[in-house]
Amino acid sequence: MASITIRNLDESIKQALRERAAQNGHSMEEEARLRLGQTELAESQPIKASASSANYDASLGDKRILLIIGGGIAAYKCLDLIRRLKERGAAVRVIMTPAASEFITPLSVGALSGDKVFSDLFDRDDEHDVGHIRLSREADIIVVAPATADLMAKMANGLANDLASTTLMATNKPVLIAPAMNTQMWNHRATRRNHQTLLSDGIHFIGPNSGEMAESNEAGFGRMAEPMEILGAVQAVLAENEGPKPLSGMRAIVTSGPTHEPIDPVRYIANRSSGKQGHAIAEALAQAGAEVILVSGPVNIPDPKGVEIIKVQTAREMQKIVETALPADIGVFVAAVADWRTVKSSDEKLKKKDGKGPSSLKLTENPDILKGIGHHKNRPKLVIGFAAETEHLEKHGKAKLKRKNADWIIANDVSPETGIMGGNQNTVHLISKEGVESWPKLSKQEVAERLVERMVAFFDVETIEI
Ligand SMILES: Cc1cc2nc3c(=O)[nH]c(=O)nc-3n(C[C@H](O)[C@H](O)[C@H](O)COP(=O)(O)O)c2cc1C
């Protein structure tokens, strides 16, 4: 099989590849893999640079873009970004932070955007009609490039002490950010935290890419995405936000992951659930427009985008949060809640008693969250439970449907040989009063998307095709 190292490619091919990737909404690696599959690259046929601007057919004709330029070295790339956005017909307005003006001049930015450049929150001319609100409302998307560590921190913490941050707080439009900073700054714990917070706030990211830094002898993650990549991301985000979403106005509660039931301060009862399926369902529901509360046990995977996440440890904590999150239209109970907990967890670490064998644990049943919600007076209109079984899937699934008063049970075989627990794929059976539907082996994300399609059909919400 042919392979290439993108890093080693000639700069002009790399640039063309980058542009093609942005055009097709792929990463550079995906685009290269695709092209290798088509043997074009393998036969040394260079990707024509004409794949760039002039051939980029997706127009931005009626779109209004508010670009916020932060104070980083990569600010100079925004001049090209403005040019490329304007070439496609977009109206571009720009806010520059005071630090951005240290790197590029408002004069160049204004000349390229063809509009006044905004920078002062207390500008007497602009704020007589609360200009920062108007700026955010009169845009279809806000793009922050370069998004400095400082701007990311402000956004993640809700600061609003200058025009850029106040506009970002006041907006009800999608926000796409292109971070750019030194690798150490990107890897700093504070930036890691801010990144996660912004992802769960539904902020869209493009980049950063990996490569050489402005500082000599430094390389790694932190380079701002190229203007064409940012352009591709703008179009993807705009496309995603166009038209009404099928579950808009609906509220969903999703549980995910295992629960940890303490034995003593260092030991607990748990299971192998990774949270991948529950998190994928939460994200798919959010993408379909639902307001999602995800109640997650301890997992080691990233928070899904666009959902409110509440992290818990035990079954009892999970039950309490789920009940307080009611009412909801949809409840999806994916978490592998521990059936039992110790009657009382020890305050001190249990000691090994040499020669006396293991301590015995006295267990008691945990609350049955699915059953409780299935019979709750505020029961969601659609209650879906997951059944992790190792035998007689359908029989056990059907019994569970009845016992828990659920509308659907998604039964999956979690025998060790299936690799489902913790793996990326799932083979499920949708059990309802109408019968059993067996789905083929799918990725957990595909299961999530299919399930959300079924939920949309359940509510018979009209999707308007534009
Ligand atoms: C030469 C120079 C280059 C800088 N480059 C970056 C950068 O690429 N990314 C970043 O996050 N901060 C960078 N900084 C620091 C920011 O300019 C500084 O944190 C500033 O307060 C950011 O303001 P703003 O986010 O409001 O634009 C740089 C500073 C200097 C002096």
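The values are calculated or read from the model by the stated rules, or taken from the named source; none is laboratory data. Since we're looking at a predicted model, the values are computed, not measured. Ideal geometry is used to build each Cβ from the backbone, glycine not excepted, and the neighbour counts take in all protein chains shown.
Here ALA219, ALA153 are screened, and the one residue that is within 12 Å of the ligand (Cβ to nearest atom) and within 23 Å of TYR76 (Cα to Cα) is ALA153.
Going by what's in this entry, would ALA111 be described as hydrophobic (A, V, I, L, M, F, W, C) and within 27 Å of the chain's Cα centre (by Cα)? Full working, then the answer.
Values: hydrophobic (A, V, I, L, M, F, W, C): yes; within 27 Å of the chain's Cα centre (by Cα): no.
No: the conditions fail for ALA111.
Taken together, the residues in segment 355-377 that are part of a loop (DSSP other than H, G, I, E, B), at pLDDT 95 or above, surrounded by 10 or more Cβ atoms within 10 Å (Cβ to Cβ) and not acidic (Asp, Glu) amount to 4. Out of everything in segment 126-142 that is among the charged types (D, E, K, R) and modelled with pLDDT of 70 or more, what residue ends up being farthest from LYS173 (Cα to Cα)? Within segment 126-142, the match that is farthest from LYS173 (Cα to Cα) is ARG134. For the criterion of being assigned to a helix (DSSP H, G or I) and closer than 29 Å to PRO179 by Cβ, ILE230 passes.
Residues of segment 301-330 that are under 20 Å from the mean Cα position of the chain (by Cα) and of a type outside the set (Val, Ile, Thr): PRO302, ASP303, PRO304, LYS305, GLY306, GLU308, LYS311. When PHE386, PHE333 are screened for being within 30 Å of PRO265 (Cβ to Cβ), of a type outside the set (D, E, K, R), buried (at least 20 other Cβ atoms within 10 Å of the Cβ) and within 26 Å of the chain's Cα centre (by Cα), only PHE333 passes. Among residues of segment 61-86 that are more than 19 Å from VAL237 (Cα to Cα) and away from the ligand (no atom under 11 Å from the Cβ), those with a Cβ under 8 angstrom from a residue that is aliphatic (A, V, I, L, M) and part of a helix (DSSP H, G or I), sequence gap 6+ or separate chain, pair up as LEU79/VAL109; LEU79/LEU112; ARG83/LEU112.
Filter segment 205-216 down to the residues that are closer than 23 Å to GLY158 by Cα and outside any strand (DSSP E or B), then identify the one that is farthest from the ligand (Cβ to nearest atom).
ILE206
Based on what the data block shows, is GLY202 in a helix (DSSP H, G or I), touching a strand residue (DSSP E or B) at 6+ places or on another chain (Cβ under 9 Å) and either away from the ligand (no atom under 15 Å from the Cβ) or of a type in the set (Phe, Trp, Tyr) (or both)? Against the criterion (in a helix (DSSP H, G or I), touching a strand residue (DSSP E or B) at 6+ places or on another chain (Cβ under 9 Å) and either away from the ligand (no atom under 15 Å from the Cβ) or of a type in the set (Phe, Trp, Tyr) (or both)), GLY202 does not qualify. GLY158 meets the conditions (1) within 14 Å of the ligand (Cβ to nearest atom); (2) without any contact (Cβ under 8 Å) to a residue 12 or more places away in the chain; (3) under 27 Å from ALA236 (Cβ atoms) in every case but one. The failed one is (1). Taking GLY207 as the residue in question, decide whether it is surrounded by 14 or more Cβ atoms within 10 Å (Cβ to Cβ), modelled with pLDDT under 95, closer than 22 Å to ASP303 by Cβ and assigned by TED's automatic domain parsing to the domain that holds ILE69. When the stated conditions are applied, GLY207 passes them.
Just give me the residues in segment 166-190 being part of a strand (DSSP E or B) and either within 10 Å of the ligand (Cβ to nearest atom) or over 21 Å from the mean Cα position of the chain (by Cα) (or both), in sequence order. Answer for segment 166-190, where residues must be part of a strand (DSSP E or B) and either within 10 Å of the ligand (Cβ to nearest atom) or over 21 Å from the mean Cα position of the chain (by Cα) (or both): just PRO179.
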